[in-house]
Each structure stands twice: as structure tokens, then as C-alpha cells.
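Written out below as C-alpha cells is the structure these notes cover.
Where a number appears in this text, it was derived from the coordinates with a stated rule and is not lab data. Bear in mind the structure is a predicted one, so any value in this text is a computation, not a measurement. Every residue, glycine as well, gets a Cβ built from its backbone with ideal geometry; the counts of neighbours run over all protein chains shown.
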Amino acid sequence: RTDDAGAVASAAMVARQRASGTPSGNRSGARAPKPAAAAGGVQVRKPYTITKQRERWTDAEHEKFLEALKIHGRAWRKIEEYIGTKTTVQIRSHAQKFFSKLEREQGAGGSGHEGIAIPPPRPKRKPAHPYPRKAATGAATAKGGAAAAAGAA
């Protein structure tokens, strides 16, 4: 680069850093801490905005959900195909709320939904190598067994 080109590039970099709020010595991309608000040092949160109106489950969709639940159990993808208008995530969320409502009603003695049983959760996978790994009781380990055998002899 010539001296003029280097000066122009440096000036452009300084202008970008000033615009982005990054100090010139901080090239890591980390931002400088924001100044605390004057009243008590509490920062103001960004307001929560709902981007999309919640879709309610229609009675027909809920009936299809109940039918699919009896047929497929917790196979959410099969239930999604059966219903056709809701995603797997929406179905799982609906099922979670529905199951908790059933448990509440059964605990209160009410029987709002006859014949609906909560399907058992899928079995949890056991890890191949659980951590921390404990030695079996009564069995000597390779290191401890040799030392114990030497001490006993």
C-alpha cells in the first residue's frame, strides 16, 4: 500500500468503529459495557412484543388429537400426520397441557374425559458409560486388587 491508501483505510476503520460503538483498541468484537441508567443503575428492558397471534385448537382438531392419541400413543409425528393442521411441537405442547389437566381432574375426583389414559412416557436411554463410574462392590480393581493381594500375603 502507498501512504495515502493506508491513511484512507485507517480513517475508514476508525469511522466504522465509532459507528459500531467498538473502541479502537478492542478488535475482539466485544462491546464496551453499557452505561447504567441514572436512576439506581437499573437498565431498561426491551419491551416484549408478540409477533404472532396464538392459534387455538378447534374442537375438531382436539377430537382428532384424542383419536390419534388412542391409536398412536406418544408417536408425535404419526399424530401430526393424522391431524394434518398442527406441527409436532404444537402437538407435544398441547399434549403436555392436556395431560396436566387430566391429572388435575383425576386428582379432584372429576371424570371429564372417560376412557382417556395418559400413555406411558418412552423409556429413558441408559448411558453406555455413566459418570461418575463406580466400581462394583466386592470386586477388586486391577490396581487395588494387586495392592490388596500384596498386602495380605
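For the peptides 65-73, 120-128, 97-105, the ranking by mean Cβ contacts within 10 Å, running from highest to lowest, is 65-73, 97-105, 120-128. Model label sites at residue 90 and residue 70, defined 7 Å from Cα along the beta-carbon direction, differ in position by 2.3 nm. Residues in segment 123-128 carry Karplus couplings, in order, of x, 6, 7, 8, x, 5 Hz; the curve used is 6.51 cos²θ - 1.76 cosθ + 1.60 with θ = phi - 60°, and Gly or Pro positions show x. Ordering 79-86, 55-62, 41-48 by mean Cβ neighbour count within 10 Å, with the highest value first, yields 79-86, 55-62, 41-48. Efficiency by 1/(1 + (r/R0)^6): what FRET value for residue 81 and residue 44, r their Cβ-Cβ distance, R0 = 41 Å, to the nearest 0.05? It comes out at approximately 0.35.
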